[in-house]
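Input: a single structure, listed below in structure tokens.
Read the figures in this text as sums done on the coordinates, not as results from a lab. Worth saying up front: this structure is predicted, and the values here are computed from it rather than measured. Glycine gets a Cβ as well: all are built from the backbone with ideal geometry, and neighbour counts include every protein chain shown.
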Amino acid sequence: MIHIDDFKKVEIKIGEILSVEKVENADKLLKLSVGFGEEAPRQIVSGIAAYFPDISILVGKKCAFVTNLEPRTIRGLESNGMILAVSTEDGKFSLLETQNDIPAGEMIK
């Protein structure tokens, strides 16, 4: 169990996926460019490639991201956030997407 004050430290925002590329020599990784209503998009590296044979369907999706993690280098690429998703043992997978026209950069409270 964690205290509510610990949970409040996690910054979760809606981001719009602007572009997607496969990471060279990595079967599971995608490099996302994500807009959060900030001056410039963020680069986020995620291990979700197996769930998206056609990566172009990700462009334009608005999903939940953790945005206040320390940057991490993955395969030589700096990742500045984490996309939120769920997967089950029987292979089901879903990104946490918005249902309405929520603008990029909105904080989940």
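Of note:
- Rounded to the nearest 20, the size of the Cβ-charge dipole of the chain about its Cα centre is 60 debye, with Lys and Arg at +1 and Asp and Glu at -1.
- Selected from Ile14, Ile48, Ile57 as most flexible by GNM, with the chain as the system and alpha-carbon contacts under 10 Å: Ile57
- The loop-placed GluC sites (Glu not before Pro) in segment 1-105, going by DSSP, that have at most 12 neighbouring Cβ atoms within 10 Å of their Cβ come out as Glu24, Glu39, Glu89.
- Spatially proximal aspartates and glutamates relative to Lys31 (Cα-Cα < 12 Å; intrachain offsets below 8 disregarded): Glu21, Glu78
- Its DSSP H runs of at least 4 residues, each contributing -39,500 (n - 2.57), put the calculated 222 nm mean residue ellipticity of the chain at -500 deg cm²/dmol, to the nearest 500.
- Considering only Asn68, Asn25, Asn80, the Gaussian network model of the chain with Cα springs below 10 Å gives its largest mean-square fluctuation to Asn25.
- Near Phe36, once Lys and Arg are set to +1 and Asp and Glu to -1 for all other residues with Cβ below 11 Å from its Cβ, the sum equals -2.
- Using alpha carbons only, the radius of gyration of the chain set against its Kirkwood radius gives Rg/Rh = 0.96.
- Loop-resident sites, segment 1-104, for trypsin sites (Lys or Arg not before Pro), counting at most 10 other Cβ within 10 Å (DSSP): Lys8, Lys9, Lys92
- The chain: most fluctuating residue of Gly37, Gly76, Gly60 per GNM, C-alpha cutoff 10 Å: Gly76
- If the segment from Ala26 to Ala40 were pulled out straight at 0.36 nm per residue, it would be longer than the present Cα-Cα gap by 2.5 nm.
- Among residues other than Pro71 with Cβ under 11 Å from its Cβ, the summed charge is 0 (Lys and Arg +1, Asp and Glu -1).
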